[in-house]
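Enquirer: Once you've had a glance at the structure underneath, I'll fire off some questions.
The values are calculated or read from the model by the stated rules, or taken from the named source; none is laboratory data. Here the structure is a predicted model, which means the values were calculated and not measured. Cβ coordinates were reconstructed from backbone atoms using ideal geometry, including for glycine residues, and neighbour counts include every protein chain displayed.
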Amino acid sequence: MGFGVRINQFKEGDTLEKVLDIKQLSKKYGKKTALEGITFSVPEGTCFGLLGPNGAGKSTTMKILTGIVEADQGTAIILGMNSNENRLAIKQQVGYVPQSITLYEDLNAYDNLLFFGQMYGVKGSQLKERITRVLIQTGLLDRAKDKVKEYSGGMKRRINIAAALLHDPKILILDEPTVGIDPQSRNHIFDMIRSLKEEGVTIIYSTHYMEEVEALCDEIAIIDNGKIIIQGNLKELLEQHSDKSIFIDTDQIEILKQLPNVNKVSSKDDGWMIESDQPIALLQDILATCTEQGIEIRELEMMRPTLESVFLSLTGTSLRD
Amino acid sequence: MMLMSIISKELKIILREKGNFFFLIVMPIFFIVLFGSIFSNTNSSFNVPYIDLDQSDSSKAFLSQLNGIDGFELEKVANEQNHIDQIEAGNSSSLLVIQEDFEETIASGIAKARLKFYQDPTATQVVAPINAVLENIANAYREQKLSSAMRQLGLTDTETESILMPPINIEEINTSSTQVDAITQFVPGYTVMFVFFIMITMVRRFFKEKESGMLSRMQSTPVKPIVYLIGMWIPALISVLIQCTVLLAFGRIVYSLDLGNLLAISIIVICLAICSTGLGLALAVCVTGENQGLALTQVFTMGGAVLAGLWFPFELLPSFAQTIGQFTPQYWAQTGLQDVMVRGALAGDVWQGLLVLLGYGALGILIALSRFKQYIRSAIN
């Protein structure tokens, strides 16, 4: 396996441009194609969002990256190691948080963490220290001796994540880690992820919630029907692929349609959506016109570009469909 | 390290599950106590309802003789016809009536004294022993009569005894060092039977690991599949060892069961544990659903218990059932335990049984190993 040799490739202080580089990865379950030649890469120290609807192939991608599933074709280079040849070494540097809560409900949180830490080969005082650290990170130190079955869904999710952190992974892969939890727990998880990112851990975050990707991720890839539709920097993608627009609720839309820089006007909810290449200039014109002519404005808002609109423009369907 | 951690975790889960405690310890103790109490109760006796119409010294002497026999108790009845009606209705099985001329007829020595014995022909198990005892008493009266006639003819006591001496003498010799009783049948019997219920525990645990996604998650850790499998197996093995220790100790403490050579018993228990958990391992990774596993375990444990003679002595089974029973691991475990407990056997004396148990265990482990990759794949997909 050459485990030791590979590990030596990454010395303290080394920097990598890409911690993950996958090329033409394909996977079929029987006759059903789960992944069809997907290619993307993840820069070190970023939070990378893999966004797509349910059944798009996100979980299969995550499972291939963590060595749970073997790809039929393609290569995955993780931390400079080929995933097919260095599975054990990769597992020791990658933390995986599955979509389902996989904890022993009859054991307490401490025993669960002790177990997972030992599964990653951590032991002794080092393990105890790390358990205490992750319990602090999750905010559950005072509940450590309670059985997991007595926890709320959000608390279980936090311990589920903590179980993947005990071996100090360089990459943390999270597969829909916030499914079915309350906003408070979600915020706690977001804080944990931001904190890990600050510590230099590369995060790969799979979700079908656009808001989560927008809140957490720097880089994203959008996956649909087993194919990567687009990949890149979140801000750049939003800039490139979403229409800039202004929302206005007024009865005098016909007058505003005549203003310069108006590309398209369409109705939305109780008002109108005005698309424009120069939204700031248009906003100023709208305000001036309405003041001069005494037009009543009930609501006026500069619309932020969203991933929903990016997904819509690329696939023609809504992400939530 | 990883192996010890899996074992420790699994033991905690198995020991905390109340269902396991119930199936592996409480249920067998309940059955041992229940059947032990029923079948080891030697106070059971046959009731002999009677009416003495003669009320003479001879009739009283006859009844006193009958009452003096162990296992028979006289029950005076008031009305003959009423009791006959009871027999016909199936509420009583017999009635002995001593006729009014009983003493007179015996004294005359010419005619036979009459006893009426009403009986329910369907209750042969109860009636037959009473019939046999009455025949014996009648024979004793005849011997007495013969003896007195021979003496009157001038024969000496020795000559009379010699003539009346039965030509065949049956000598009863117990070959076992300890008596085989209900306890030496049921304690090892129910221990062996319920040991195989560990298969249910194993099926449940494996399915829980699979369905919760834990088995899949384990694949993302550096743990090797073989380490995981051994880690899941050993706690079941330890559970069976604890179970056998508790049940046999219960028999020893509560019923003063003679366990025989403890080393031999321990070796049989270890082989039995390997056998039951090896088969449990195979079952857990082969069945497609938890219910299927539970059903197969029930068939195996119940069917095996009957065919292996765990519920009643193996010798009472029909010959075809005995032939099939010898292929069950339960038979070899029960025979081995009873050989050590009752017949004073040592481990070397029961080597065939030990080999059979280990063979079954090894077969189960080999099947589990060959199917485990497929099992993991089914858990991941």
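Enquirer: Which of the residues belonging to region A:14-27 are in contact with a Leu (Cβ under 9 Å, 6 or more places away or on another chain) and either crowded, with 17+ Cβ neighbours inside 10 Å or in a strand (DSSP E or B) (or both)?
Expert: A:Val19, A:Leu20, A:Ile22, A:Leu25, A:Ser26, A:Lys27
Enquirer: Could you check region B:88-133 and list, in sequence order, the residues that are acidic (Asp, Glu), over 17 Å from B:Asp52 (Cα atoms) and not in a helix (DSSP H, G or I)?
Expert: B:Asp120
Enquirer: Same structure again: Here is a check on your reading of the model: is A:Ile90 more than 8 Å from chain B (Cβ to nearest Cβ), more than 30 Å from A:Lys149 (Cα to Cα) and crowded, with 22+ Cβ neighbours inside 10 Å?
Expert: So A:Ile90 fits the description; yes.
Enquirer: Scan region B:312-332 and give yes if some residue there is surrounded by fewer than 22 Cβ atoms within 10 Å (Cβ to Cβ), in contact (Cβ under 8 Å) with a residue 40 or more places away in the chain and not small (Gly, Ala, Ser), otherwise no.
Expert: yes
Enquirer: Does B:Leu263 satisfy the criteria of being over 22 Å from the mean Cα position of the chain (by Cα), among the aliphatic types (A, V, I, L, M) and over 18 Å from B:Pro188 (Cα atoms)?
Expert: no
Enquirer: Just need a number here: residues in region B:239-258 that are farther than 20 Å from B:Gly344 by Cα and among the small types (Gly, Ala, Ser).
Expert: Final tally of qualifying residues: 1.
Enquirer: Which ones in region A:45-87 are more than 14 Å from every other protein chain (Cβ to nearest Cβ) and under 27 Å from A:Ile159 (Cβ atoms)?
Expert: Once the filter is applied, which keeps residues that are more than 14 Å from every other protein chain (Cβ to nearest Cβ) and under 27 Å from A:Ile159 (Cβ atoms), region A:45-87 yields A:Gly45, A:Thr46, A:Cys47, A:Phe48, A:Gly49, A:Leu50, A:Leu51, A:Gly52, A:Asn54, A:Lys58, A:Leu79.
Enquirer: Within the group B:Arg252, B:Arg217, B:Arg204, which residue is touching a residue at least 40 places away in the same chain (Cβ under 8 Å) and of a type in the set (Lys, Arg)?
Expert: Matching residue, one of B:Arg252, B:Arg217, B:Arg204: B:Arg204.
Enquirer: Right, here's the next one. Are any residues in region A:117-131 at the interface with another protein chain (Cβ under 8 Å from one of its Cβ atoms) and crowded, with 20+ Cβ neighbours inside 10 Å, and if so, which ones?
Expert: A:Gln118, A:Met119, A:Tyr120 - these are the residues of region A:117-131 that are at the interface with another protein chain (Cβ under 8 Å from one of its Cβ atoms) and crowded, with 20+ Cβ neighbours inside 10 Å.
Enquirer: Please list, ordered by residue number, the strands (runs of 3 or more DSSP E) wholly in region A:196-262 having 3 or more residues that are polar (S, T, N, Q) and buried (at least 18 other Cβ atoms within 10 Å of the Cβ).
Expert: It comes to A:202-207.
Enquirer: Something else now. Just checking, which of B:Thr178, B:Thr184, B:Thr191, B:Thr160 is closer than 23 Å to B:Ile267 by Cα and at pLDDT below 85?
Expert: After applying the criteria, what remains is B:Thr178.
Enquirer: Scanning region B:1-14 for residues that are more than 7 Å from chain A (Cβ to nearest Cβ) and touching a residue at least 60 places away in the same chain (Cβ under 8 Å), which turns out farthest from A:Tyr104 (Cα to Cα)?
Expert: Checked region B:1-14; the qualifying residue farthest from A:Tyr104 (Cα to Cα) is B:Leu3.
Enquirer: Which of the residues spanning region B:249-275 are modelled with pLDDT of 95 or more and either β-branched (Val, Ile, Thr) or crowded, with 22+ Cβ neighbours inside 10 Å (or both)?
Expert: B:Ala264, B:Ile265, B:Ile267, B:Ile268, B:Val269, B:Ile270, B:Cys271, B:Leu272, B:Ala273, B:Ile274, B:Cys275
Enquirer: For region A:277-309, how many residues are in a helix (DSSP H, G or I) and either closer than 15 Å to A:Phe247 by Cα or in contact with a strand residue (DSSP E or B) (Cβ under 7 Å, 6 or more places away or on another chain) (or both)?
Expert: Summing the residues that are in a helix (DSSP H, G or I) and either closer than 15 Å to A:Phe247 by Cα or in contact with a strand residue (DSSP E or B) (Cβ under 7 Å, 6 or more places away or on another chain) (or both) in region A:277-309 gives 12.
Enquirer: One residue is enough: does region B:134-141 have a residue meeting the conditions surrounded by fewer than 12 Cβ atoms within 10 Å (Cβ to Cβ) and not in a helix (DSSP H, G or I)?
Expert: No.
Enquirer: Moving to a separate point now. Being out of contact with any Cys (no Cβ under 8 Å at 6 or more places or on another chain) and in the same structural domain as B:Thr301 (by TED's automatic domain parsing) narrows it down to one of B:Leu63, B:Leu34, so name that one.
Expert: Of B:Leu63, B:Leu34, the one residue that is out of contact with any Cys (no Cβ under 8 Å at 6 or more places or on another chain) and in the same structural domain as B:Thr301 (by TED's automatic domain parsing) is B:Leu34.
Enquirer: If you take the residues in region A:104-116 that are of a type in the set (A, V, I, L, M) and more than 8 Å from every other protein chain (Cβ to nearest Cβ), which one is nearest to B:Lys224 (Cα to Cα)?
Expert: A:Leu113
Enquirer: Can you find, within region B:326-355, the residue that is nearest to the other protein chains (Cβ to nearest Cβ) among those that are farther than 14 Å from B:Gly189 by Cα and within 22 Å of the chain's Cα centre (by Cα)?
Expert: B:Leu354
Enquirer: Tell me which helices (runs of 4 or more DSSP H) are completely within region B:1-74 and hold 1 or more residues being surrounded by 19 or more Cβ atoms within 10 Å (Cβ to Cβ) and in contact with a strand residue (DSSP E or B) (Cβ under 7 Å, 6 or more places away or on another chain), or say none if there are none.
Expert: Filter on region B:1-74 gives B:57-67.
Enquirer: Moving to a separate point now. Show the residue pairs meeting these rules: Cβ distance below 7 Å; 6+ apart or different chains; first residue within region A:196-212 and assigned by TED's automatic domain parsing to the domain that holds A:Gln99; second residue of a type in the set (Phe, Trp, Tyr) and assigned to a strand (DSSP E or B).
Expert: Between residues of region A:196-212 that are assigned by TED's automatic domain parsing to the domain that holds A:Gln99 and residues that are of a type in the set (Phe, Trp, Tyr) and assigned to a strand (DSSP E or B), the close pairs are A:Ile203/A:Phe48; A:Ile204/A:Phe48; A:Tyr205/A:Phe48.
Enquirer: Another one. Take B:Lys210 and decide whether it is surrounded by fewer than 19 Cβ atoms within 10 Å (Cβ to Cβ), more than 30 Å from B:Thr184 (Cβ to Cβ) and within 14 Å of chain A (Cβ to nearest Cβ).
Expert: Against the criterion (surrounded by fewer than 19 Cβ atoms within 10 Å (Cβ to Cβ), more than 30 Å from B:Thr184 (Cβ to Cβ) and within 14 Å of chain A (Cβ to nearest Cβ)), B:Lys210 does not qualify.
Enquirer: Tell me which helices (runs of 4 or more DSSP H) are completely within region A:28-127 and hold 1 or more residues being more than 20 Å from the chain's Cα centre (by Cα) and of a type in the set (S, T, N, Q), or say none if there are none.
Expert: Passing ranges, in order: A:109-119.
Enquirer: Does at least one position in region B:220-234 carry a residue that is within 30 Å of A:Thr102 (Cβ to Cβ) and either of a type in the set (Gly, Ala, Ser) or outside the structural domain of B:Ile7 (by TED's automatic domain parsing) (or both)?
Expert: Among the residues of region B:220-234, at least one is within 30 Å of A:Thr102 (Cβ to Cβ) and either of a type in the set (Gly, Ala, Ser) or outside the structural domain of B:Ile7 (by TED's automatic domain parsing) (or both), which makes the answer yes.
Enquirer: If you don't mind, there's one more thing I want to ask. Using the structure shown, decide if B:Gly348 is surrounded by fewer than 20 Cβ atoms within 10 Å (Cβ to Cβ), assigned by TED's automatic domain parsing to the domain that holds B:Arg204, modelled with pLDDT of 90 or more and part of a helix (DSSP H, G or I).
Expert: Answer is yes for this residue.
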